[in-house]
Amino acid sequence: MSVATAYTAAAADAPLEPGTIERREVGPKDVLIEIAWAGICHSDIHTVRGEWGAVPYPLTVGHEIVGIVTEVGAEVTRHRAGDRVGVGCMVNSCRECANCQAGQEQYCLNGNVGTYGARDRDGTITQGGYSSHVVVDEDFVLRVPEAIPFEKAAPLLCAGITTYSPLRHWGAGPGKNVAVVGLGGLGHMGVKIAHALGAEVTVLSQSLRKKDDGLALGADHYYATSDPATFEKLANSFDLILNTVSAPLDTGAFLGMLALDATMINVGAPPEPLPIQVFSLFNNRRSFAGSSIGGIRETQEMLDFCAEHGIAPEVELIAADQINEAWDRVLASDVRFRFVIDSSTLPR
């Protein structure tokens, strides 16, 4: 085992503290990555606070990771020392089930191995990217194109693919009217990607506070959901609604905005169940769906798409000793639009 410096949570209500974690030695198919930048995702906070289930403390979170390859195993063919690479929300899967064979490892029927808080193939608990180094199987390491600014690339490995995958799957593009609910870390990427795909894009946000931001990011329209008139004006309007918020929502009201045979996709993950009124689905033969991240192949496709179209997240760069403050600001919706940790500031 090798030692990496990291910020770690010892309990649900404890602040993250600097310390060390163990990484496995580099195996034949492994890649050792010196982490350069790590994004902060709301999922990190949900996980540490036990809102999504039991947590194997102590835990280092972070599943938006980019860095430089420093060592590769003897059988590695896809990456070499010096490469710019990334790691997202998973670091392994069974490779054998129908979903894995179809390139949909995120839906592995035997359960994919999450980047943190999961039991890895060697029996250890995976630890995430709020750390100096990580060792990952080469099949779960992505190439980061040079056209993407390195300090902005990390959030693409979660926020980028989480919005790209459903927009692609449900056919966002020219002639499609797409609404994005929320303009946070996920939502602002949804707007950028939907716009680049050629769709007409509307932001549905609680207030008009971020209207100028939304329009600058590529939205064609922006409405406040706190105004009841919004739901009347936009009834039966959208081919696709992408809900990115991790908070309770009046799903019936939003479903009423769907046109014939249209779909609302949930990518936000609130701790509480979302109520669904079945009669809201009967009208216009509407659908309500969920979407996770993307498979490795699709995630690489997303990175290449973003490089081609000049897409990168809007980020605020922070030092490692600002992580706890950043978490407080995420919970207060005080971030535009993703925090990224400068891993060079970790204690060494």
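The values are calculated or read from the model by the stated rules, or taken from the named source; none is laboratory data. Every value quoted in this text rests on a predicted model; they were computed, and no experiment measured them. FYI the Cβ positions are ideal-geometry reconstructions off the backbone, even for glycines, and counts take in every protein chain you see.
Since residue 294 meets every condition but one in (1) closer than 29 Å to residue 94 by Cα; (2) small (Gly, Ala, Ser); (3) assigned to a helix (DSSP H, G or I), which condition does it not meet?
(3)
In the range 4-39, what residues are assigned to a strand (DSSP E or B) and without any contact (Cβ under 8 Å) to a residue 12 or more places away in the chain?
Within the range 4-39, 17 is the sole residue that qualifies.
Considering only residues of the range 84-134 that are hydrophobic (A, V, I, L, M, F, W, C) and assigned to a strand (DSSP E or B), which is surrounded by the fewest Cβ atoms within 10 Å (Cβ to Cβ)? So that I can check it myself, show each step before the final result.
Taking the range 84-134 as the starting set, the residues that turn out to be hydrophobic (A, V, I, L, M, F, W, C) are 85, 87, 89-91, 94, 97-98, 100, 102, 108-109, 113, 118, 125, 134.
Restricting the remaining residues to those that are assigned to a strand (DSSP E or B) gives 85, 87, 90-91, 113, 125, 134.
Values: 85: 21, 87: 27, 90: 24, 91: 25, 113: 19, 125: 17, 134: 27.
Going through the qualifying residues, I end up with 125.
Among the residues of the range 274-295, which ones are in contact (Cβ under 8 Å) with a residue 40 or more places away in the chain and in contact with a helix residue (DSSP H, G or I) (Cβ under 6 Å, 6 or more places away or on another chain)?
Passing the criteria: 291, 292, 293, 294, 295.
Checking residue 97 against (1) more than 27 Å from residue 287 (Cβ to Cβ); (2) of a type outside the set (Gly, Ala, Ser); (3) out of contact with any Gly (no Cβ under 7 Å at 6 or more places or on another chain): exactly one of these is not met. Which one?
(1)
Name every residue in the range 302-325 that is part of a helix (DSSP H, G or I) and more than 15 Å from the chain's Cα centre (by Cα), in order of residue number.
If the condition is that a residue be part of a helix (DSSP H, G or I) and more than 15 Å from the chain's Cα centre (by Cα), then 304, 305, 307, 308, 309, 320, 321, 322, 323, 324, 325 are the ones that fit.
Quick check on my filter: what residues within the range 170-205 are closer than 19 Å to residue 314 by Cα, among the hydrophobic types (A, V, I, L, M, F, W, C) and either in contact with an Asp or Glu (Cβ under 8 Å, 6 or more places away or on another chain) or surrounded by fewer than 24 Cβ atoms within 10 Å (Cβ to Cβ) (or both)?
Once the filter is applied, which keeps residues that are closer than 19 Å to residue 314 by Cα, among the hydrophobic types (A, V, I, L, M, F, W, C) and either in contact with an Asp or Glu (Cβ under 8 Å, 6 or more places away or on another chain) or surrounded by fewer than 24 Cβ atoms within 10 Å (Cβ to Cβ) (or both), the range 170-205 yields 183, 196, 197, 201.
Out of curiosity, is residue 332 in the same structural domain as residue 41 (by TED's automatic domain parsing) and closer than 24 Å to residue 181 by Cα?
On the way: in the same structural domain as residue 41 (by TED's automatic domain parsing): yes; closer than 24 Å to residue 181 by Cα: yes.
For residue 332, the condition - in the same structural domain as residue 41 (by TED's automatic domain parsing) and closer than 24 Å to residue 181 by Cα - is met.
Please specify each residue of the range 286-303 satisfying the condition of being among the charged types (D, E, K, R) and surrounded by 14 or more Cβ atoms within 10 Å (Cβ to Cβ). Reasoning before the result, please.
Taking the range 286-303 first, the residues among the charged types (D, E, K, R) are 286, 297-298, 301.
Listed by number, the residues that qualify are 286, 298, 301.
Please go through the range 66-77 and give me each residue that is more than 16 Å from residue 148 (Cβ to Cβ) and surrounded by 15 or more Cβ atoms within 10 Å (Cβ to Cβ), ordered by number. Before the answer, list the steps.
Kept after step one, since they are more than 16 Å from residue 148 (Cβ to Cβ), are these residues of the range 66-77: 69-77.
Residues satisfying the conditions are 69, 71, 72, 73, 76.
Give the range 231-285 a look and list any residue that's in contact with a His (Cβ under 9 Å, 6 or more places away or on another chain), loosely packed, with under 15 Cβ neighbours inside 10 Å and either modelled with pLDDT of 95 or more or of a type in the set (Phe, Trp, Tyr) (or both), or say none.
none
Over 30 Å from residue 154 (Cα atoms) and either over 18 Å from the mean Cα position of the chain (by Cα) or assigned by TED's automatic domain parsing to the domain that holds residue 107 (or both): does that describe residue 209?
Details: over 30 Å from residue 154 (Cα atoms): no; either over 18 Å from the mean Cα position of the chain (by Cα) or assigned by TED's automatic domain parsing to the domain that holds residue 107 (or both): yes.
In short, no.
For the range 278-291, name all the residues that are in a strand (DSSP E or B) and under 22 Å from residue 105 (Cα atoms).
So the first thing to find is which residues in the range 278-291 are in a strand (DSSP E or B), and the list is 287-290.
Answer for the range 278-291, where residues must be in a strand (DSSP E or B) and under 22 Å from residue 105 (Cα atoms): 289, 290.
Among the residues of the range 127-146, is any charged (D, E, K, R) and modelled with pLDDT under 95? It would help to see each step written out before you state the result.
First, pick out the residues of the range 127-146 that are charged (D, E, K, R): 137-139, 143, 146.
Now restrict to residues that are modelled with pLDDT under 95: none.
No - not one qualifying residue is present in the range 127-146.
For the range 324-348, name all the residues that are of a type in the set (Val, Ile, Thr) and under 17 Å from residue 66 (Cα atoms).
Of all residues in the range 324-348, those of a type in the set (Val, Ile, Thr) come to 330, 335, 340-341, 345.
Scanning the range 324-348 gives 340, 341, 345.
Give the residues of the range 40-65 that are in a loop (DSSP other than H, G, I, E, B) and either crowded, with 18+ Cβ neighbours inside 10 Å or not assigned by TED's automatic domain parsing to the domain that holds residue 153 (or both), sorted by residue number.
Within the range 40-65, the subset in a loop (DSSP other than H, G, I, E, B) is 40-41, 49-58, 60-64.
40, 41, 55, 60, 61, 62, 63, 64, listed by residue number.
Can you name every residue in the range 135-155 that is crowded, with 20+ Cβ neighbours inside 10 Å and assigned to a loop (DSSP other than H, G, I, E, B)?
Result: 141, 144, 148.
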